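The values are calculated or read from the model by the stated rules, or taken from the named source; none is laboratory data. The shown structure was predicted, so the numbers you read here are calculated from the model rather than taken from an experiment. FYI the Cβ positions are ideal-geometry reconstructions off the backbone, even for glycines, and counts take in every protein chain you see. Only protein heavy atoms, including side chains, enter the accessible area calculation; ligands, DNA and RNA are left aside. Shrake-Rupley method; radii C 1.70, N 1.55, O 1.52, S 1.80 Å.
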Amino acid sequence: MRVAVGADITLEFYVEGVLQSTATAANTGGEGKPRQVVFANTALHGISANNTWYYAHIAALDGVPTIGRRFVRRVPYTVATFDEMTDSIEALRDGDIATRVASPVAGQRMSFTLTGPSGPAIPSAIAGLHLKQIAQGGSAGPQATAGFLRMGGVNHDAPATAVSLLAPQPVYSSWPLNPVDDSPWTGLSLPTEIGIVSS
């Protein structure tokens, strides 16, 4: 779906890279860039029963085409170089936010290999690498966290993010380029070890 806002508002809908429909209206209200998208499933599907709907490959990008863009989601598999936090790798890979690893001291690390689908053939260029964790501060100890990549025996830490004491929250660490040499990612340069670090 592509939204262009200027003197007119144009909405284009694509399926598998092919334009299916276009709608244009004058921007009489002087609207700017969209800030929120609401997927009203009941109205879309014409039913009122409770259902679970699944979405995949959602990206909201400004000025960057999403046609052909794919996400490959992988999860922790085995402990790698670092195992300094309490609890086990299973607490990270079970998909349950009630199970977790903990760190009472800043600078503790846990690193791991990944498993999951390889998806379509990895293209020669990759738009970015993102690590998502669900984190929460405790009553004592560090109140921030970060992701890191371990490549060639060197840790490449993302900036730390402070986390709430009240509830778990998503924390994203992103690397648009390979931190070793600032080159674009390729299928051959992706790290085989990533991790989290308390801050």
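What residue, among those in region 156-199 that are outside any loop (DSSP other than H, G, I, E, B) and β-branched (Val, Ile, Thr), is surrounded by the fewest Cβ atoms within 10 Å (Cβ to Cβ)?
Thr161
Would you be able to tell me the number of residues in region 1-17 that are over 26 Å from the mean Cα position of the chain (by Cα) and open to solvent by 60 Å² or more (accessible area, probe 1.4 Å)?
Here the count works out to 2.
Output the residues belonging to region 77-103 that are of a type in the set (Gly, Ala, Ser) and either over 22 Å from the mean Cα position of the chain (by Cα) or surrounded by fewer than 12 Cβ atoms within 10 Å (Cβ to Cβ) (or both).
The answer is Ser88, Gly95, Ala98, Ser103.
Within region 107-132, take every residue that is loosely packed, with under 14 Cβ neighbours inside 10 Å and at pLDDT 85 or above and give me the one that is farthest from the chain's Cα centre (by Cα).
Only one residue tops the list, namely Gly107.
Just the residues that are over 25 Å from Pro191 (Cβ atoms) and surrounded by 12 or more Cβ atoms within 10 Å (Cβ to Cβ), please, taken from region 134-155.
Gln136, Gly137, Gly138, Gly141, Gln143
Filter region 25-41 down to the residues that are modelled with pLDDT of 90 or more and open to solvent by 70 Å² or more (accessible area, probe 1.4 Å) and list them by number.
Thr28, Glu31
What are the residues in region 164-185 that are farther than 16 Å from Met110 by Cβ and among the aliphatic types (A, V, I, L, M), if any?
Selection gives Leu165, Leu166, Ala167, Leu177, Val180.
One residue is enough: does region 3-20 have a residue meeting the conditions modelled with pLDDT under 85, touching a strand residue (DSSP E or B) at 6+ places or on another chain (Cβ under 7 Å) and in a loop (DSSP other than H, G, I, E, B)?
no
Mind checking which residues of region 75-95 are free of Cβ contacts under 8 Å to residues at least 60 places away in the same chain and in a loop (DSSP other than H, G, I, E, B)?
Listed by number, the residues that qualify are Glu84, Asp87, Ser88, Ile89, Asp94, Gly95.
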